[in-house]
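Heads up, the thing below is written out as structure tokens.
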Amino acid sequence: MIAIIDYDAGNIKSVEKALLFLGEETCVTREKEKILGADKVILPGVGSFGKAMEKIRGYGLEDVIKETINQGTPFLGICLGLQLLFERSDECPGVEGLSVLKGEILKIPEKKGGKIPQIGWNSLKYPNKGRLFFKVPEEAYVYFVHSYYLKAEEEEIVTATTEYHTLIHASVEKNNVFACQFHPEKSSSIGLQILRNFIQIQREGK
């Protein structure tokens, strides 16, 4: 069973729908026991970094997320879910993220002729190809919707990048923690393959 963490963020239903399409049993929940007992856990979301952290802490989910990761459960952050795994964001100065991974979320710089937020398809490059991208060719296009981007401190965890006004760390992998700034659930057949790859990842230690 795949637990999708419910902290009142947007886009949860589209992730659930994609997983159901792939034939997976899912549970949208904020219950500690269900999250800790799941085979895989996904932290999706769109919205404000600060509001999201307020909700996560208000529901008592911060410790649950960290315990889930520490016990080796494959964990996937999507879009805002990626950003929350890091230490801080330009969007909400002074608000601490989950700090599961080292790095910061920065505002996409303005550029003549370019719009912010980035909304649309962009191609990926693999500086360190990770397990999410098995059978996904380099330069594959995926769907982004964001105004802020990740700059990871540990470059070795960056498994995919894209260019939009600047170099964006589009996906990361460290042990059992995976995250992507783009939306695999909205990225057609490529996105479904990425989700399949996550589904097939085994718990750490197995």
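The values are calculated or read from the model by the stated rules, or taken from the named source; none is laboratory data. Nothing here was measured: the structure is a model prediction, and the numbers come from that model. We place every Cβ from the backbone using ideal geometry, glycine too, and count neighbours over all the protein chains shown. Calculation scope for accessible area: heavy atoms of the full protein, side chains included, ligands and nucleic acids excluded. Shrake-Rupley method; radii C 1.70, N 1.55, O 1.52, S 1.80 Å.
For the reader, a short list of remarks on this structure follows.
- Among the residues of segment 86-108, the ones that are of a type in the set (S, T, N, Q) and under 19 Å from F75 (Cα atoms) come to 1 in all.
- Among the criteria (1) within 30 Å of G37 (Cα to Cα); (2) open to solvent by 40 Å² or more (accessible area, probe 1.4 Å), the one N128 does not fulfil is (1).
- Cβ pairs under 7 Å, 6+ apart, first in segment 109-138 and among the charged types (D, E, K, R) and modelled with pLDDT of 95 or more, second surrounded by 11 or more Cβ atoms within 10 Å (Cβ to Cβ) and part of a loop (DSSP other than H, G, I, E, B): K125/E138; R131/I201; E138/L124; E138/Y126
- For E104, the conditions (1) farther than 25 Å from L195 by Cβ; (2) open to solvent by 60 Å² or more (accessible area, probe 1.4 Å); (3) at pLDDT 95 or above; (4) not basic (K, R) are fulfilled apart from (2).
- Residue count for segment 107-120 satisfying the condition of being in a loop (DSSP other than H, G, I, E, B) and open to solvent by 80 Å² or more (accessible area, probe 1.4 Å): 5.
- Condition broken by Y141, with the remaining ones in (1) farther than 26 Å from F21 by Cα; (2) among the hydroxyl-bearing types (S, T, Y); (3) in contact with a helix residue (DSSP H, G or I) (Cβ under 9 Å, 6 or more places away or on another chain) satisfied: (1)
- Condition check for E154 on (1) in contact (Cβ under 8 Å) with a residue 60 or more places away in the chain; (2) of a type in the set (D, E); (3) surrounded by fewer than 21 Cβ atoms within 10 Å (Cβ to Cβ): one failure, at (1).
- Pairs with Cβ under 7 Å, 6+ apart, first in segment 8-26 and among the small types (G, A, S), second surrounded by 12 or more Cβ atoms within 10 Å (Cβ to Cβ) and not in a loop (DSSP other than H, G, I, E, B): A9/A52; A9/L80; S14/E185; S14/K186; A18/E185; A18/L192; A18/L195
- Within segment 41-54, the set of residues being open to solvent by 20 Å² or more (accessible area, probe 1.4 Å) and either on the phi > 0 side of the Ramachandran plot or touching a residue at least 60 places away in the same chain (Cβ under 8 Å) (or both) comprises V46, G47.
Okay, residues lined up against (1) within 24 Å of P74 (Cβ to Cβ); (2) out of contact with any strand residue (DSSP E or B) (no Cβ under 8 Å at 6 or more places or on another chain); (3) open to solvent by less than 60 Å² (accessible area, probe 1.4 Å):
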| residue | (1), (2), (3) |
| --- | --- |
| N122 | no, no, yes |
| P137 | yes, yes, no |
| F144 | yes, no, yes |
| Q181 | yes, no, yes |
| L192 | yes, yes, yes |
